[in-house]
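Only the coordinates and a few stated rules stand behind these numbers; no lab work does. Just so you know, these numbers come straight off a predicted model, no measurement behind them. Counting neighbours? That spans all protein chains shown, and the Cβs are built from the backbone with ideal geometry, glycine included.
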Amino acid sequence: MNAVETIELTKTFGEVRALDRVSFAVKEGELFGLLGPNGAGKTTLIRILTTLIPPTSGEARVMGINVVERQAGVREKIGVVAQALTTDLDLTAFENMDIYGRFYSIPKKERRERISYLLGMVGLKERSKDLVATYSGGMRRRLEVARALVHRPAFLILDEPTIGLDPQSRLVVWDMLRKLRQDYNLTILLTTLYMEEAEALCERVAIIDYGKIVALDTVEGLKNGIPEKDTVEIRFKEGVNKEDIVREVGALPFVCLAAWEDEGLRIYTDKGPASIPILLERFKKIGAEVTEVFLKELTLEDVFIRHTGRPIREEEAKKVSFFIGAGIPRRFGR
Amino acid sequence: MIRFLAVVERDLRKFLRNPMVVLVSILMPILYLIILGNSFQGELKNLPLAVVRMDSGPYAEKIMERLRSIEAGPRTVALYYAADQGFAMEGLKKGLFKGVLIIPPDFSRDILHKKTAEAGIFLDNSEPIASNSVRNAVSAAFSGIGSEFAAVREERARPLLRDIEVYKKIDYDQTLIPGVVIMAIFLGAMTTGVFNTVMDKFLGTEESYLMTPITKTDIVMGLLASGLFITTILAFLVLFISSLILGIYLWQVLTWQTVFAIFLVIVLSTLCLQGLLFVMLSRADHPRIVGVFGGFLNVILFFPSGAIYPVESFPWWLKAFSTVNPETYSVHAMRAIFSKGEGLGAVKGDLAFLAVFAFIMVAAATLAYKRRL
Ligand SMILES: Nc1ncnc2c1ncn2[C@@H]1O[C@H](COP(=O)(O)OP(=O)(O)OP(=O)(O)O)[C@@H](O)[C@H]1O
Ligand SMILES: [Mg+2]
């Protein structure tokens, strides 16, 4: 069974086509990433999958259950961390979790145990009796994740779980998600606008732009799917024989192309960093003295640019969506 | 049930975390009391006055003529002719009349014989403004009678108007108490219930519980229940404190029966208003809308409720509105219970209206609420 399955899923808000015939599937047990810039339609997709808004057309199933026809069934099965911070500021962490647990009708004893375990897991046990209003953004985000797990869902959905977090807290969340998956065989679907996040965390990634899925594969698969390669740039001491060097390097099997540019030699390779020692050895043999080596690995960014024709502008993205990402003027949507 | 109670608990906890809200909710209605108590002295119209005329003599006729011309001219009173005193007094107690004028059988004869003629007027002093106006109108009708017809001016031959107030003496300020309590109920209803759904929507917290299995009924009923709980306590506190300010010691005045009756009125009124606000505002997406609309509704419901001016002096259209305004019934019932010391029996009709209105509104609130982002 697939955890998610959509067929031609479309959502329009007036003139805006937030989702455009999206068909994809998330396998059970998988850690799946939806990567896309601001306004790509990530939150819209998540909201449809979590029964918060109805699709305009098309079909979606979550854990095999139709999200329009059997909303209650879907809600029982999933744990969701929304993009906006949605815990109650004027309640304590414990109260937030306890009330949430009761929304799922979990009996008291089980609820208590579960909450104390989860708060321990996200490192908030000591602060569990403090008002959430006194929490930092990172603590609050961890609480949101803990809360989404209170009813032991088999499928966890997170909408930009690391937005607004510093790099260190981001690592903490990543570790947490990895561990959850290992320990409970949880299926995870997350959205992100950070390339590194998709790359570091997800097994398969769908790139979404203007409401369309433009590419979907494993991270490796996505990279292999485009003609660009990792590049190594090497600079030499003055007076080396450029032609000799190019000939020598071009003969190596992992080098796709080698060319001189103003600063030095640029080599396109499909062996990545592993090619560097081999290259250096070669140059030593022919007596060309190397001064500097640069490696530019192929990233999802390149994949993204290849598919959408532009980079994701991260800096802007961070600022904007933390405040308004999930608070799109609803009036138009109703 | 577990979900419903979770909604209630969440709401109550959040309320208690903001003690300022509690304080303001109590203080504001009491301030109203003080301001209102000092700001209304207008002319009233169409105050129902029952006349029990047992004398067919010329002086009685003269007085009736004058009353009729007051009824036709400045329209301070509206006359009702009652055949017997018992019936008229019953009407006064029920609030049908603001006053009862009794002209005894030998009224004209006494004047002719230059004896002291005595007519009686009974006033509903639980509404002092109204009863004062009635008293003045009647006094005007009586003025000069006896001197005109009597050949010799004789002080003692002047008809005396003996005015008897039906209830134990109450001050004008005190009769505002039902109005202040209904005001507290309105404020309570406006700052709980629907306000909290709109706030959750506004803050985005709504999103997180709409994706849980919680049902629409859980949400609406839970919010109404916690709002009801909070408002009932607030209303009793306001009742207690404002009485205390006016020198009434409730524990001396009220019996368990009347407390129970007041409790019923408060609960039903709260449900009416909460339900009404929910129906109108559950789809608002900004708390300010609730504020603006609520403030407007407060005025619209409060002034035509009879809390300050008696309903009888309104023009017909406002009168019509006040018959469907739940606050009219709350004020009427509370005034009957609190000022007049009547038991449940006297307010059956009010309670029935409030119960039906509350039921319809609460049911409609559940229908109006949209469980969607
Ligand atoms: N309720 C709504 N009313 C009108 N337009 C909407 C609504 N919700 C989303 N949109 C529009 O749909 C498009 C997709 O928005 P969505 O929130 O899904 O993007 P996103 O990928 O989550 O972006 P971000 O990274 O900024 O959160 C945007 O153009 C947005 O303006
Ligand atoms: Mg989003």
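Calculated mean residue ellipticity, 222 nm, chain B: -19500 deg cm²/dmol, from DSSP H runs (n ≥ 4) at -39500 (n - 2.57) each, averaged per residue and rounded to 500. Partners of A:K242 within straight-line reach, counting aspartates and glutamates whose Cα lies under 15 Å from its Cα and excluding those fewer than 8 residues away in the same chain: A:E233, A:E261, A:D262, A:E263, A:E289. Legend: residue pairs A:K229/A:K271; B:K14/B:K201; A:K125/B:K14, Cα-Cα distance threshold 19 Å; pairs beyond threshold, A:K125/B:K14.
What angle, in degrees between 0 and 90 and rounded to the nearest 10, separates the Cα long axis of helix B:58-72 from the longest principal axis of the Cα atoms of chain B? Its long axis makes an angle of about 30 degrees.
Among the listed pairs A:K27/A:K212; A:K212/B:K370; A:K108/B:K216; A:K77/B:K216; A:K11/A:K77; A:K179/B:K216, those whose Cα-Cα separation exceeds 27 Å are A:K212/B:K370; A:K179/B:K216. Listed by chain and number, the lysines whose C-alpha is less than 28 Å from the C-alpha of B:K348, apart from same-chain residues fewer than 8 away, are B:K45, B:K93, B:K94, B:K98, B:K168, B:K169, B:K319, B:K340.
For chain B, the relative contact order is 19 percent, taking Cα pairs closer than 8 Å that sit 6 or more residues apart in sequence and dividing their mean separation by the residue count. In a DSSP loop and with at most 16 other Cβ atoms within 10 Å, the GluC sites (Glu not before Pro) in the stretch A:154-203 are A:E203.
Kirkwood hydrodynamic radius computed over the stretch B:173-368 comes to 17.2 Å, based on all pairs of distinct alpha carbons. A straight chain from B:L12 to B:D84 at 0.36 nm per residue would run longer than the Cα-Cα distance by 20.4 nm. Simple point charges give the picture: +1 on the Cβ of Lys and Arg, -1 on the Cβ of Asp and Glu, and for the protein assembly as shown a dipole about the Cα centre of about 1640 debye. Bridges between two residues of the protein assembly as shown, per DSSP, are antiparallel at a rate of about 55%.
Magnitude of the charge dipole for the stretch B:218-335, about its Cα centre and with charges confined to Cβ atoms of Lys, Arg (+1) and Asp, Glu (-1), is about 100 debye. Of the trypsin sites (Lys or Arg not before Pro) found in the stretch A:73-172, the ones in coil according to DSSP and having at most 13 other Cβ atoms within 10 Å of their Cβ are A:K129. Counted by neighbouring Cβ atoms within 10 Å, the residues B:S226, A:S136 run from fewest to most as A:S136, B:S226. Counting only alpha carbon atoms, the long axis of helix A:137-148 and the longest principal axis of chain A meet at about 60°. Just to be sure I understand: of the beta bridges DSSP finds with both ends in the stretch B:42-138, what percent are antiparallel, rounded to 5? Percentage antiparallel, nearest 5: 30. Ordering A:L119, A:V74, A:L89 by Cα displacement along the dipole of the stretch A:55-143 toward the positive end leaves A:L119 in first place; charges were set at the Cβ atoms of Lys, Arg (+1) and Asp, Glu (-1).
Dividing the summed -39500 (n - 2.57) terms of all DSSP H runs of n ≥ 4 by the residue count of chain A sets its mean residue ellipticity at 222 nm at -11000 deg cm²/dmol. Expressed in units of 2.2 N^0.38 Å, where N is the residue count, the Cα radius of gyration of chain B is 1.20. Projecting the Cα atoms of B:A117, B:V299, B:A225 onto the charge dipole of the protein assembly as shown (Cβ charges, centred on the Cα centre) puts B:A117 farthest toward the positive pole. The residues B:K319, B:K348, when put in order of fewest to most other Cβ atoms within 10 Å, stand as B:K348, B:K319. Against chain A, whose longest principal axis is taken from its Cα atoms, helix A:167-184 shows a tilt of about 70°. For the protein assembly as shown, the percent of C-alpha pairs falling in each 10 Å distance bin, counted from 0 to the bin holding the largest distance, reads 3, 12, 17, 15, 12, 11, 9, 7, 5, 4, 3, 1, 1, 1, 0, 0. When the square roots of the Cα gyration tensor eigenvalues are ordered a ≥ b ≥ c, the ratio a/c for the stretch A:103-206 is 1.5 or more and a/b does not exceed b/c, which makes its shape oblate. Using C-alpha pairs below 8 Å separated by at least 6 residues, the relative contact order for the stretch B:173-368 is 33 percent. Across the stretch A:153-301, Cα-Cα distances exceeding 23 Å account for 52% of all pairs. Peptide B:2-10 shows a mean partner chain C-beta count of 5 within 10 Å per residue C-beta. Shielding by partners for peptide A:78-91, expressed as the average number of C-beta atoms from other protein chains within 10 Å of each residue's C-beta, is 5.
Listed by chain and number, the aspartates and glutamates whose alpha-carbon sits under 17 Å from that of A:K223, ignoring those within fewer than 8 places in the same chain, are A:E196, A:E197, A:E199, A:E203, A:D270, A:E297, A:E301, A:D302.
Taken about its Cα centre, chain B carries a charge dipole of about 580 debye when Lys and Arg each add +1 at the Cβ and Asp and Glu each add -1 at the Cβ. Counted by neighbouring Cβ atoms within 10 Å, the residues B:S131, B:S56, A:S105 run from fewest to most as B:S56, A:S105, B:S131. Centre-to-centre separation between the Cα atoms of the stretch A:54-133 and those of the stretch A:1-42: 22 Å. Among B:V267, B:V220, B:V253, the largest mean-square fluctuation in a Gaussian network model of chain B, built with springs joining Cα atoms closer than 10 Å, belongs to B:V253.
Spin-label model, A:E15/A:W260: points 7 Å from Cα along the beta carbon direction are separated by 5.5 nm.
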